[in-house]
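Student: Sharing a structure below in structure tokens format, with a few things to ask.
Read the figures in this text as sums done on the coordinates, not as results from a lab. What you see is a predicted model, and the numbers here were worked out from it, not measured in a lab. Cβ placement follows ideal geometry from the backbone for every residue including glycine, while neighbour counts extend to all protein chains displayed.
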């Protein structure tokens, strides 16, 4: 049931995404945007907004964990651990107003986004 939550949300909102693969890309991009907003809120000393944006990133990463397909091999297990670590970093960023923790999460998400785009391009060639 949880495995299809992201896709069901996408379908219910009818946001015009071509595929579930595109939705994953949008989720990575969302974390990057939310982290940027959280950093801006830290700079503005706005605790409420900082917490809001970090919670948004947290929700997206939690959903990425929920939609992992463990029947596809070891990659899902690796990603689960990686995503869990990102949740810990977000918690630390929120508690300590820590830019570097947000930057670390953003770097990981940028790498995953780049890899995701590359794998989608390779898959589209065949």
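Student: Take 50, 117 and order them by how many other Cβ atoms sit within 10 Å, fewest up front.
Tutor: The most exposed by this proxy come first: 117, 50.
Student: Got a sec? How would 53, 116 order by Cβ neighbour count within 10 Å, fewest to most?
Tutor: So the ranking, lowest neighbour count to highest, is 116, 53.
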